[in-house]
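Asker: Can you read through this structure? Questions will come right after.
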Amino acid sequence: TASDIAVSEPVVVDSGGDLTGNVRDPLAQTFDVDDKEGIFVTSIDIFFQSIDFDGPVEVELREVELGLPVTKRIAGSLVVLDPGTPDNPKISVSNDGTVAHNVKFDYPIYLSGEREYAVLLLSVEDFD
């Protein structure tokens, strides 16, 4: 349940390079699963202020160790969002954070209880 999840401040982590040697710098939001039995996650809401139509956005879940997301994603948690086009956007956006984009996983993802996790957002672009 939502009361079993505690959210911390967003962190940026270095997830290493991809197969072409490009370094990707994701945005990560950590959260705690306080329920001792663990939880099943079927979807998450993400709030976008704007989107770039040049490439997809990857959403994934990772375990956290020593306050930072590990480099390996949790199996089944990768969702690739197609941004669409400026005339036909496929990701919901809002300037004031009132419109959520619901990201659904292909099947429920089990997260063990009393552990820290992170949801990561990655894009093909590096925005410094």
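Asker: Scan around residue 115 for amide H atoms under 5 Å from its own, H built in the peptide plane at 1.01 Å from N, and keep only partners 5 or more places away or cross-chain.
Answerer: Under 5 Å from the amide H of residue 115 lie the amide H atoms of 33, each far enough along the sequence or on another chain.
Asker: Treat each spin label as a single point 7 Å out from the Cα along the C-beta direction, and report the residue 45 to residue 110 distance in nm.
Answerer: 2.8
Asker: For the range 30-96, which chymotrypsin sites (Phe, Trp or Tyr not before Pro) pass both filters: DSSP loop (anything but H, G, I, E, B) and at most 15 other C-beta atoms within 10 Å?
Answerer: Sites meeting the loop and neighbour criteria: 47, 53.
Asker: May I pose another question? Please give me, ordered by residue number, the trypsin sites (Lys or Arg not before Pro) of the range 23-85 that lie in loop per DSSP and have at most 11 other Cβ atoms within 10 Å.
Answerer: 36
Asker: Of all the accessible heavy-atom surface of the range 30-128, with the other protein chains kept in place and a 1.4 Å probe, what percent is carbon and sulfur?
Answerer: 48
Asker: Whole number in Å², please: accessible area per residue of the range 64-128, 1.4 Å probe, ligands, DNA and RNA not counted.
Answerer: On a per-residue basis, 65 Å².
The values are calculated or read from the model by the stated rules, or taken from the named source; none is laboratory data. Note that this is a predicted model, so its numbers are computed, not measured. Virtual Cβ from ideal backbone geometry, glycine too; neighbours counted across all protein chains shown. Note: areas computed on protein heavy atoms with side chains; ligands, DNA, RNA excluded. Shrake-Rupley method; radii C 1.70, N 1.55, O 1.52, S 1.80 Å.
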